[in-house]
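What follows is one structure encoded as structure tokens, with my remarks underneath.
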Amino acid sequence: MQNFRFTYAKGIHPEKIYRSRRRRELIFENSEIFSEPAWDILLDLFSSHLRGKNVSVTSACLAANVPASTALRWMNVLEEAELIERVNDPSDGRRTFVQVTPNAIAKLTKALAESP
């Protein structure tokens with residue numbers, strides 16, 4: 001985790017990118033034009049990973065800013081691509097967390113480090 005904190009301190013701020021996307025949707029008043037649910041899910045999960053926070057499936061759906069059924073379909077696609085994984089909450093068997101995989105962490109770190 002130290003390595004990711006170091007990278008994070010070097011200017012990789014996925015939550016800023018995520019907030020900028022939400023702000024853009026408000027300004028242009030049509031979120032469907034710029035909809036990228038898979039990217040929004042990855043940004044949210046990566047940001048949460050860097051802060052050491054667990055994310056429920058429900059919360060990840062909300063981060064996608066699309067209907068829950070659409071977000072769940074995108075989570076399935078991301079899971080099949082081995083970019084996210086679902087993990088049962090050990091303290092509450094009814095809840096499932098979703099998190100980025102090591103593969104996604106490496107790719108997101110590279111993608112965001114190379115962003116202008």
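Rank the residues Val98, Val55 as a footprinting-exposure proxy: fewest other Cβ atoms within 10 Å of their Cβ go first.
Taking fewest neighbouring Cβ atoms as first place, the list is Val55, Val98.
What spacing in nm lies between the two simple spin-label points modelled at Leu62 and Asp92, each 7 Å away from Cα in the Cβ direction?
1.2 nm
Please give, to one decimal in nm, the separation of the simple spin-label points placed at Ala113 and Glu36, each 7 Å out from Cα toward the Cβ.
The answer from the label model is 2.0 nm.
Can you give the extra length, in nm with one decimal, that the chain gains between Glu82 and Arg23 once fully stretched, where that is 0.36 nm per residue apart less the Cα-Cα distance? Intermediate results must be reported in sequence, preceding the final value.
Details: separation 59, 0.36 × 59 = 21.24 nm, distance 2.93 nm.
That pair, Glu82 and Arg23, stretches by 18.3 nm at full extension.
Ranked from highest to lowest mean number of other Cβ atoms within 10 Å per residue, what is the order of the peptides 88-94, 37-43, 64-70? Spell out each step's value before the answer.
Numbers: 88-94: 8.7, 37-43: 22.1, 64-70: 15.6.
In decreasing order of mean packing, 88-94, 37-43, 64-70 become 37-43, 64-70, 88-94.
Rule-based calculations on the coordinates, nothing more; no lab input. Here the structure is a predicted model, which is why all the values come from computation and not from measurement. Heads up, the Cβs are rebuilt from the backbone with ideal geometry, glycines too, and the neighbour counts pull from every protein chain shown.
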